[in-house]
Amino acid sequence: MPQIPTTPHLFLFAVAALAQRQGGSGCAPQSVSVLTHRNNPSRTGANLSEACLTPTNVRSSFGKLFSLNVQGQVYAQPLIVADLQIRGKKRNVLFVATMENWVYAFDADGHLETNGDREMFWKKSLGPALPSNRIPRDVGAFLGRYNVSPSIGVTSTPVIDPATQTIFLVAKVAEIKDETVPCDGQVATADCPVANKIFALNILNGHIRDSQVIDMKGYSPEPTQVGKPCFPWDAKRNVSRDDAGRINLQRTALLWNRGRIYMGFGSHQDAPCPMYHGMLVAFDFDPVNLKLSQFAKPFLVTKLGETDPFPNLDPKTLGKGGIWQAGNGPAADDAGNVYVMTGNGGFEKDVQFSSSLLKLSPDLDKVEWFAPANVGALNADALDIDLGSSGPVLLPGAGTDQVMGAGKQGMLYLVKPSAMGGQQQHRWPHDRTDPPIQYFWAAKRWAPEFIYHVFPISLFAFATGYHHIHGAPAFWPDLRDGKLLRGVMYVWPERDYVKAFAWSRDTSPDGKFDPKPKKIGPKAGLGMPGGFLSISSHNQDNGILWAALPLHDDAWVDIVRGALRAFEITPDGQTLTPVWTSYCAEPNDNFNFAKYVPPTVANGKVYLATFSNLVNVYGLRPSGSPQSTDWKPDCDPTALMEMPSYKKTAKGVKGHAH
C-alpha cells in the first residue's frame, strides 16, 4: 500500500499559504455555516450549497490537510460559523467540544500562527468531567466494560445562535469541593457533587455569558430509592438525594428553536438502578440580558414510581424510555413543534411513550405519538431493538408533512406529523399501514449469525441478529419552487450495506419511498455501529455521500481505528460509487473512530471528530503538494490490518448510551 510522505515544516507553511489564497484548489470562497447537528432543524444531514467539492476533484486531489489537537475524545459534531469577524479578521471558525469539558474555537481553514501552529482563537474549560467509574453500574460496568470511558463531559453536540453570537453546550461537571474527601467511584453527594450544566458562551472569546444547573429535583432520583443501595453487593454506593446529575446523561444534540434550547436525557449504559426516566428539557435564552432560564417542567417519557431494579415484565412499570437517539438531535418543524424518538421502557397508550416517535408542542404540554404495532417487543430488554437509536428526520418542502425514523430492529417508518395516529394497527398476518404512511426494512432482517465470529446469536440472546440503525438517515432533497419533487434517503446499518432509497410522488401524490433500494454499496465491518452520514452537493449537482465508520472492528466497548469514505451520488439514487477512502488513499492516516459522529462538510473541507484527541481536516490539496498516485477509491483493508501499525487500542470506550 502507498505511504504518504512526511512533509517538512517549511513546506507545510508554504502549502498552507497557497491554500489560504485559494490558489491551489481553484475554489471560490464560500460562506456556509453549520450551526447545529446534521445541518438544520429537520436533521437531513445535507449541505446543498457546497460549491467546491465534486466527485471528480475528490477522486483526484482530496486528502488530509491537517489535524487540530484537543484535550479529550470528541463525541460532539464540530460546528462552523462562516465569515465571523473575530480578532479584527473575517474567518471561518470551527467549534469543538470534548469529553474533558474543553471547548475550542479554531481557524477552520488552518491558517498558521507565526510559530507554525494552527490558529486557535480561544479555548475554555467548563469544569472537571465525571470519571466513568462513578456512573450507575450495570453488569458491564461491574466487569469494567464501560460504554463511555475514561470521562463524561460534553457528550452532546452544541448549537449556535448567530444573532446573539452564542454557543450553547451541556457539560457533566464533577466539582472537587474538598481534596480530602475521596469521591472516586462514589455517588453524587454535597461533598462530591455532579451536575448537568448548560452554558452560554460568547463565540468571539469563549467568555461565559451564563450557566445554569439543569434542575431535575422531583423527577430524579426516585424518592423510594434514596438511601438504599441498588444491589446488595454495592452497599457502599447508596442512592443519594443529590444524584440526578450522575444518573441522567444528556445525550441528544441540542436544538435551537425560536429562542429556546431543547435537550434529551437518557441514562448511562441503560443501568436499571437508580431508575431513570427519559426527559425532554427546555431552556429559554433572553437575547437582551443574555441569560438562561429553565422552562417550566420537563416532559417525561415514562411515569414516576417504578423502583424495581430487577427483571420486570409489566409494560406499565418499566420506567426508562431514554431520549438518546445515538447523539442525533430533536427535530423541529416550521410551527416550532419538536420531534424525538424514545428508547425501551414503559408503555401505556397516551400515558407512557417508550419506543415511540413523539411530536411535542413548543411548550412541551401537548404530545402526539406513533408507536409500531410490536412496541411490546421493541421495549423488551432481552431483544435490544428499541426504536430510539437513531433520531427523526423531517422531510423538507412546503406541504410535505412527513417525518421518518428507524431504530434497532431495522424497520423504517414514514409518518404524517399532522396525524401521528397512535399505535400501528395489527392484523394477521401483516401490520396495516395505518397510521404510518409507509414502513419497510431499511436494514437486513433478523438472521442467526455469529458475533465477533465467536459467540452464536440465538433468538433470545442480547443484541440478537438484528442490524441496528444508529446513524439517522441522511436525505438529499430535490426542491423545486420550495416543494419537494423527489429525494434520496441513505442509511448504513451495522454489519450491513450502505443503501439508497428513492422518494418520489410517482405512486402517491403525497410521496413515498420505493422500499427496494435503488443502489447498494459496501458493507460495514464487524459489530457496532454502522456508518454516520453527511451529504454535500451544489443543489442537485456534484452529490457526495460522506461516511464515518470503523475501519473494520466492532466499536461497542472498544476503541477501534476509524475510516472516512466518500461516494458519488446522483439525484435518482442509482449511483453510489466510491470516490475516496481514507485507508486506501492514506494508509498512515491512523485515527480512532469517534462513535456516532457524522462528518461536517462546509466550504470545501470535511471535519472529522476522532477519539485520538484530534479533529482531522480534509480537503483539496493545493497544487504542488505531494500526493500518492498508487491508490484506488475502494480497497480491501485486509492487508492494512496485517501491518504492525494496525491494532485495536484501549478497551472500554462507548457502546450504547441510553
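The values are calculated or read from the model by the stated rules, or taken from the named source; none is laboratory data. None of the values given here were measured: they were computed from a predicted structure. Methodologically, a virtual Cβ is constructed for each residue, glycine included, from the backbone with ideal geometry; neighbour enumeration extends over all protein chains shown. Quick note on the areas: whole protein, heavy atoms, side chains included, nothing else; ligands and nucleic acids left out. Shrake-Rupley method; radii C 1.70, N 1.55, O 1.52, S 1.80 Å.
Over segment 228-282, accessible surface divided per residue gives 29 Å², non-protein components excluded, 1.4 Å probe. The mean sequence separation of alpha-carbon pairs under 8 Å and at least six residues apart, normalised by the residue count of the chain, gives a relative contact order of 16 percent.
The label point for residue 349 and the one for residue 217, both projected 7 Å from the Cα toward the Cβ, are 3.9 nm apart. Computed extension gain for residue 505 through residue 289, at 0.36 nm per residue and net of the alpha carbon distance, reaches 73.0 nm.
In straight-distance terms, cross-link reach from residue 177 covers every one of the lysines whose alpha-carbon lies under 17 Å from its own, apart from those fewer than eight places away in the same chain; here that gives 197.
At 0.36 nm per residue, and after removing the present C-alpha to C-alpha distance, how many nm does the segment from residue 623 to residue 31 gain when stretched out fully? Walk me through the numbers on the way to the answer.
Working: separation 592, 0.36 × 592 = 213.12 nm, distance 2.28 nm.
Contour length minus the Cα-Cα distance gives 210.8 nm.
Where in segment 60-84 is the amide nitrogen less than 15 Å from a point lying 7 Å along the Cα-to-Cβ axis of residue 125? Residues 71-72 fall inside that zone. Ordered by solvent-accessible area of protein heavy atoms (1.4 Å probe), largest first, the residues 114, 180 come out as 114, 180.
Considering only Cα-Cα distances, which of the following residue pairs are longer than 19 Å: 90/124; 64/605; 605/632? Exceeds cut-off: 90/124; 605/632. Applying 1/(1 + (r/R0)^6) with r as the Cβ-Cβ distance of residue 539 and residue 241 and R0 = 51 angstrom yields a FRET efficiency of 0.40.
Say R0 is 22 Å: what FRET efficiency, to the nearest 0.05, do residue 523 and residue 572 get from their beta-carbon distance? Before the final figure, lay out each step's value.
Working: r = 23 Å, r/R0 = 1.04.
Efficiency, from the Cβ-Cβ distance: 0.45.
Take the cross-link list 217/444; 172/523; 499/595 and give me the ones stretching past 32 Å between alpha-carbons. From 217/444; 172/523; 499/595, over 32 Å: 217/444; 172/523. Cross-link partners of residue 483 among aspartates and glutamates, defined as those whose alpha carbon lies under 13 angstrom from its own and excluding same-chain residues fewer than eight positions apart: 401, 510.
With 0.36 nm allotted per residue and the present C-alpha distance subtracted, the residue 425-residue 398 stretch has 6.8 nm of extension available. Once the Cβ-Cβ distance of residue 363 and residue 434 is raised to the sixth power relative to R0 = 30 Å, the FRET efficiency obtained is 0.55. Net charge dipole, the chain: roughly 360 debye, given to the nearest 20, about the Cα centre with Cβ charges of +1 for Lys and Arg and -1 for Asp and Glu. Say the dipole of the chain comes from +1 at the beta carbon of Lys and Arg and -1 at that of Asp and Glu; which of 288, 322, 474 then lies farthest toward its positive end? Most positive-ward Cα: 474.
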